[in-house]
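Working notes, beginning with the structure itself.
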Amino acid sequence: MTRWLIGRTAQAAITFLVAAVLMFFLMRLTPGDPLARLMGDRPMTSEEVATLRGLYGLDQPLPSQFTRFVAGLAQGDLGTSIEYRTPVTTLIRQRLPASLLLGGTVLLLNFTLGVWLGALQAVRLGKPLDRWLSTISLAGFAVPSFWLGLILAWLVGIKWQLLPALGMIDPLLPASAGLGARSLDIARHLILPAFTLSVVSIAATMRYQRTAMIDALREPYVRTARAKGLSERRVIWRHAWRTSLFPVITLFGLWLPIVVTGSVFVEHVFNWPGLGSLTAKAISGRDYPVIMGASLLAASLVVGGGWLTDVAYAALDPRTRRAQ
């Protein structure tokens, strides 16, 4: 197990390094000037432009820029934002709590409701409940999250004014408000973006879990458990459900980056002050340091999610370790 774990960790590290190199060079090969937004309406002199390019290292060849970036990264320095003129690590620390709140809420809803409803569909296969839930999950899976977010923000937030449509905190909330009032205010702002992201993620989890559970219920060991006289509840949840979790574990690894990045489009629609909206603004302004910092964080979660998935597979089924 230890040898396998070391090998898998080395693979994850190499994958992350390759992704970081590709992101760095591909980002700088895209057209556009990262200093364009700083120039504004007033034309800058050639001396001012040269000073700014030297300040951010944009006057150097790409290999030199990459060497400078790696040297800073080794010291925990992701550079300084061109747009905000603030260290990228500071921006990430400021935005991370909001992203953790949104992404954590979505993951919690996804892998509780999604798994339970998917398993329930398989148990009630072919019955009206299964057909209704299949229709709902298919519709949720097909709806684009940014479109759903726009509709909910306009309908629920603006037209009906039932919930806040923008931001995370009411700017008119008195400074003397207590912890309960502040928590309730954040919860009300959280509902729409969390619901928007959860609709798509829960629908996907339901479909994966339903298919996996149907296959598990048809396995010979399930028939054997029933032949032994075990209760149907124990057969379903003790024997079939554990095996059916393998595809869902893979899905969890894919959804893990949502914990910090959320959805760029959904955060942008609801003006949620997380890393997703920060990344969207950085992309539009070609803020290389911020884009790179957010991309590295997302890449680390993607690679880490894959690593956790493999470890979970190996823990649940030792045969997977021998196959690799």
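Only the coordinates and a few stated rules stand behind these numbers; no lab work does. Everything numeric in this text was worked out from a predicted model, so none of it was measured. Note that we place each Cβ from the backbone using ideal geometry, even for glycine, and neighbour counts take in every protein chain shown.
Less than 17 Å from a label point 7 Å out along the Cα-to-Cβ axis of R234: which backbone N atoms in the stretch 116-160 qualify, by residue? No residues fall inside that zone.
Around the amide H of T80, modelled in the peptide plane, lie the amide H atoms of V88, all under 5 Å away and 5 or more residues distant in sequence or on another chain. Among the trypsin sites (Lys or Arg not before Pro) in the stretch 40-102, those placed in a DSSP loop whose Cβ has at most 16 other Cβ atoms within 10 Å are R85. Peptides 141-147, 245-251 ranked from most to least packed by the mean count of surrounding Cβ atoms within 10 Å: 245-251, 141-147. Of (i) 20.4; (ii) 22.8; (iii) 21.0, which one was derived for Kirkwood radius over Cα pairs in Å from the structure shown? So the calculated entry is the one marked (ii). The local environment of L138, defined by Cβ-Cβ distances under 14 Å, has a net charge of +2 under the rule Lys, Arg +1 and Asp, Glu -1. Label-to-label distance for T90 and D77 is 1.4 nm, based on points extended 7 Å past Cα in the beta-carbon direction. Mind checking which of I82, I92, I151 has the largest fluctuation in a GNM of the chain, springs on alpha carbons under 10 Å? Largest GNM mean-square fluctuation: I151.
Of the residues G304, G157, G76, which exhibits the maximal mean-square fluctuation in a Gaussian network model of the chain defined by a 10 Å Cα contact cut-off? Ranking G304, G157, G76 by mean-square fluctuation puts G76 first. Counting pairs of alpha carbon atoms under 8 Å apart in space and at least six apart in sequence, what relative contact order in percent does the chain give? Relative contact order comes out at 27 percent. Which helices count as membrane-span-like in the chain under these terms: full DSSP H, at least 27 Å along the axis by C-alpha, Kyte-Doolittle mean of 0.0 or more? Result, helices passing both filters: 2-29, 88-109, 179-217, 288-316.
Stretching the chain fully between A187 and K281 yields a gain of 31.4 nm (0.36 nm per residue, less the alpha carbon separation).
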